[in-house]
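Notes to accompany the following structure.
The values are calculated or read from the model by the stated rules, or taken from the named source; none is laboratory data. What you see is a predicted model; the values in this text were computed from it and never measured. Here the Cβ positions follow ideal geometry from the backbone for every residue, glycine too, while neighbour counts run over all protein chains shown.
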Amino acid sequence: MSYLTDPASRAWLYKTVMAYWLLWHAQELTILSVSENSLKALPASIGGLTSLTSLNVSKNKLTELPPSLGKLAGLVQLIACNNRITAVPEYFSFLCFSLRRIFSSLLEVHTI
């Protein structure tokens, strides 16, 4: 298997394996960090990660958070600082009941 000695091949294989693992185990994720990825938007499907308790989307280029975040009843930590979010979404008040910590460039640091 000489092709695995090439760093690019190893990186491709790793990414492929991780992608398949995520497809099968995404529902079990409890902590997700996608910080520092220059993301401009989060997919609506993030609301399907029903086991998620902590979400870090800091240091991206997000202008809003998707309404599907409102489905994450078990979310206790949301880190969204250093983005381009200018308003708190309406559904956010629903999330605040389950969130213990909110880190946002809009809200500074609040403990609920």
Just to verify a result, which residue in segment 28-57, among those that are within 15 Å of Ile85 (Cα to Cα) and within 9 Å of the chain's Cα centre (by Cα), is surrounded by the most Cβ atoms within 10 Å (Cβ to Cβ)? Val57
In this structure, is Leu55 assigned to a helix (DSSP H, G or I) and either within 23 Å of Ala26 (Cα to Cα) or at pLDDT 90 or above (or both)? no
Can you name every residue in segment 61-75 that is surrounded by 16 or more Cβ atoms within 10 Å (Cβ to Cβ) and assigned to a loop (DSSP other than H, G, I, E, B)? Leu62, Leu65, Pro66, Leu72, Leu75
Which residues, counting only those in segment 77-95, are surrounded by fewer than 17 Cβ atoms within 10 Å (Cβ to Cβ) and either modelled with pLDDT of 90 or more or part of a loop (DSSP other than H, G, I, E, B) (or both)? Arg84, Thr86, Ala87, Val88, Pro89, Glu90, Tyr91
